[in-house]
Amino acid sequence: MPLHLMLLPGVLVTLVYAYGPILGVVMAFQKYEPVLGFFKSKWVGLKNFRYVFNLPDFNQVLWNTVLIASLKIIFSLAVPLILALLLNEITKKWFQRMIQTSIFLPFFLAWTVLGGVILELFSLRGPVNGMISSMGLEPIMFMGSNNWFRAIMVGSDVWKGMGYNMIIFLAAITGINASLYEAAEVDGAGKWKQMMHITLPGMMPIIILMTTLSLGNILNAGFDQILIMYNPTVYQGADIIDTFTYRLGLFSQQFAPAAAVGLFKSGISVGLVSLSYYLAYKFSNYRIF
C-alpha cells in the first residue's frame, strides 16, 4: 500500500495532463464554439476533416513533414554510426572521451538556445555570410530560402542529437567479443575488413532496432525547432503538420479544424508506432512487455 500511495501523485498528474486532454478530440467532429463548450457545440461529423484535406496548403504541409522527418531519421542514424566507428579506432582513451563529451554536449541544450545561435550564425550579417562575402561571393539568405532552411533544420537536428545515438552504437561495439578481432588479426585482416566483417555485423541487431523504432517518428519533424526558427517566407518548404495545426488553431482561431488535423496525425502515428514495434520484435526480438 505505501508503494501504491507513492505512485498516486504521478498517476493523478498523468490522468490530468495526458489523458484528460484526449477529451478535446470531440472538437474534431463539432462546429466548436468556446462559449458553448464540448457538450453544446453542434456536431458536424467529418466535415472538419473534409475542410482540412481540401485546404490548398495541406498536401504541401504533409509532404514537408514526411520529407523533413525522413531526412532527420536517415542522417540521425547514419552520422552517429560513422562517428561511433571512427571513435572506436582511437587508441588514446583520454582523447576518445574528450571527443565523445564534446559531441554529446549539444544534446543538453534546448532549442530555444540553439535556435538563437543558429539564427545568428546564418543571418545575412552572421559569421557564415561573413565568410562567404570574404571570398567575393554574394551573401545567401539562408533562413529565407525553402531549400536552405530545410537543410539547416536537418543538419542542426542531427548535430544536436548525434551524441546520444553515438553512445548507443558505441555500447553495441563494446558488446562484441574481442576474441573475434584477435582471430581476424591472426588471419591478416586489416582494420577495414575487421569493421566490415566483425563490427558492423555485430552491431546489426541494434542498428535494425533503432531503424525500426524510428519509423514511429515519421510524422514528427520537430515542432519546437521549426517554430522557433521559421518565418512566413519559408512556409512552403518548412511548414509541417505541428506548426500548421498551431497556426490554424491559435492564430486563425479555427479550433475544430486544428483538432481534426491533430487527430489525423495521431491516428497515423499510432499505426506507425505499432508497426515499428512489430518490426522490432520480428527482426530484433525487442519487446516492451
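Taking Cα atoms, how many degrees apart are the long axis of helix 255-284 and the longest axis of the chain, rounded to 10 and kept between 0 and 90?
Helix 255-284 sits at roughly 30 degrees to that axis.
At 0.36 nm per residue, and after removing the present C-alpha to C-alpha distance, how many nm does the segment from Val113 to Trp63 gain when stretched out fully?
On the way: separation 50, 0.36 × 50 = 18.00 nm, distance 2.79 nm.
Answer, rounded to one decimal: 15.2 nm.
In square angstrom, what is the accessible area per residue of segment 234-274 with a 1.4 angstrom probe?
Values: 1660 Å² over 41 residues.
With all protein chains present, segment 234-274 gives 41 Å² per residue.
Please list, ordered by chain and number, the residues whose modelled amide H lies under 5 Å from the amide H of Lys31; skip anything fewer than 5 residues away on the same chain.
HN-HN under 5 Å from Lys31: Lys42, Trp43, Val44.
Taking the chain as the reference, fit the longest principal axis to its C-alpha atoms, fit the long axis of helix 2-14 to the helix C-alpha atoms, and give the angle between the two in degrees, 0 to 90, nearest 10.
60 degrees
Please give the calculated 222 nm ellipticity per residue for the chain, where each DSSP H segment of at least 4 residues contributes -39500 (n - 2.57) and the sum is spread over every residue; nearest 500 deg cm²/dmol? Could you put the intermediate results ahead of the total?
Working: 15 runs with 189 residues, N = 289.
For the chain, the value works out to -20500 deg cm²/dmol.
How much net charge surrounds Phe75 when only the other residues with a Cβ under 15 Å from the Cβ of Phe75 are counted, with Lys and Arg +1 and Asp and Glu -1?
Numbers: positive: Lys72, Arg150, Lys160; negative: Asp157.
Within the 15 Å Cβ shell, the charges total +2.
At a Cα cut-off below 19 Å, give the lysines reachable from Lys160, other chains included and same-chain residues fewer than 8 away excluded.
By straight Cα distance, Lys160 reaches Lys72.
Place a +1 charge on the Cβ of each Lys and Arg in the chain and a -1 charge on the Cβ of each Asp and Glu, then give the dipole magnitude about the Cα centre in debye, rounded to the nearest 20.
Values: 18 positive and 12 negative charges, 120 e Å.
Here the chain has a charge dipole of around 580 debye.
The values are calculated or read from the model by the stated rules, or taken from the named source; none is laboratory data. On a predicted model such as this, the values are computed, not experimentally measured, just so you know. Because the Cβ atoms are built from the backbone with ideal geometry, glycine has one as well, and the counts that use them run over all protein chains shown. Each accessible area value is taken on the protein alone, full model and side chains, heavy atoms only, with ligands, DNA and RNA left out. Shrake-Rupley method; radii C 1.70, N 1.55, O 1.52, S 1.80 Å.
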